[in-house]
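Have a look at the structure below, then the notes.
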Amino acid sequence: QVQLVESGGGLVRPGGSLRLSCAASDTIRGAIARSWYRQAPGKQRELVATLTSGGSTNYADSVKGRFAITRDNAKNTMYLQMNSLKPEDTAVYYCNTRATMRTYWGQGTQVTVSS
């Protein structure tokens, strides 16, 4: 069974940057879209960014112009580059791959933005 493993979270000051990684243990066949979600304490999980199999990207309004989702096919890894981080970006970030047969989730990585 394919597993997704996130890394790259941590503590960063406001205005700083982090790059999250999501490595798949194997190729996911029939992948339709790859996304990053986040969940802050006491809030619902929200969609942050999506990269479709066709190469299109979509972002939540709150992160447009600051975050970028990319993928390295050779490494079976996707990334979320986060710049100009704000305290309200603090959350657990999850990667997600939606395929024709099922949806895969990572275990989450904590991002804390604080001075």
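Where only protein heavy atoms count, and the probe is 1.4 Å, what is the accessible area per residue for the chain in Å²?
Solvent-accessible surface per residue comes out at 55 Å².
What order, most packed first, do the peptides 76-85, 57-66 have when packing is the mean number of other Cβ atoms within 10 Å of each residue? Could the numbers behind the result be given before it?
Numbers: 76-85: 19.5, 57-66: 13.2.
By packing density, highest mean first, the sequence is 76-85, 57-66.
Straight-line reach from Lys75: which aspartates and glutamates fall under 19 Å, measuring Cα to Cα and dropping same-chain residues less than 8 apart?
Within the straight-line limit of under 19 Å, Lys75 reaches these aspartates and glutamates: Glu6, Asp26.
Take the solvent-accessible surface of the protein heavy atoms, probe 1.4 Å, and return the percent of it on the chain that carbon and sulfur atoms account for. If you can, show how the numbers build up before the last one.
Details: 2880 of 6320 Å².
Of the solvent-accessible surface of the chain, carbon and sulfur hold 46 percent.
Compactness ratio of segment 1-50: Cα Rg over 2.2 N^0.38 Å, N = residue count?
Expressed relative to 2.2 N^0.38 Å, the Cα Rg reads 1.38.
Just need the Rg to Rh number for the chain, please, alpha carbons only, Kirkwood Rh. Don't skip to the answer; put the middle values down first.
Working: Rg = 13.5 Å, Rh = 14.1 Å.
Reported Rg/Rh (Cα atoms, Kirkwood Rh): 0.95.
The values are calculated or read from the model by the stated rules, or taken from the named source; none is laboratory data. Model, not experiment: these values are computed from the prediction. With ideal geometry, Cβ positions are generated from the backbone for all residues, glycine too; neighbour counts draw on all protein chains shown. Protein only, heavy atoms only, side chains kept; ligands, DNA and RNA dropped before computing areas. Shrake-Rupley method; radii C 1.70, N 1.55, O 1.52, S 1.80 Å.
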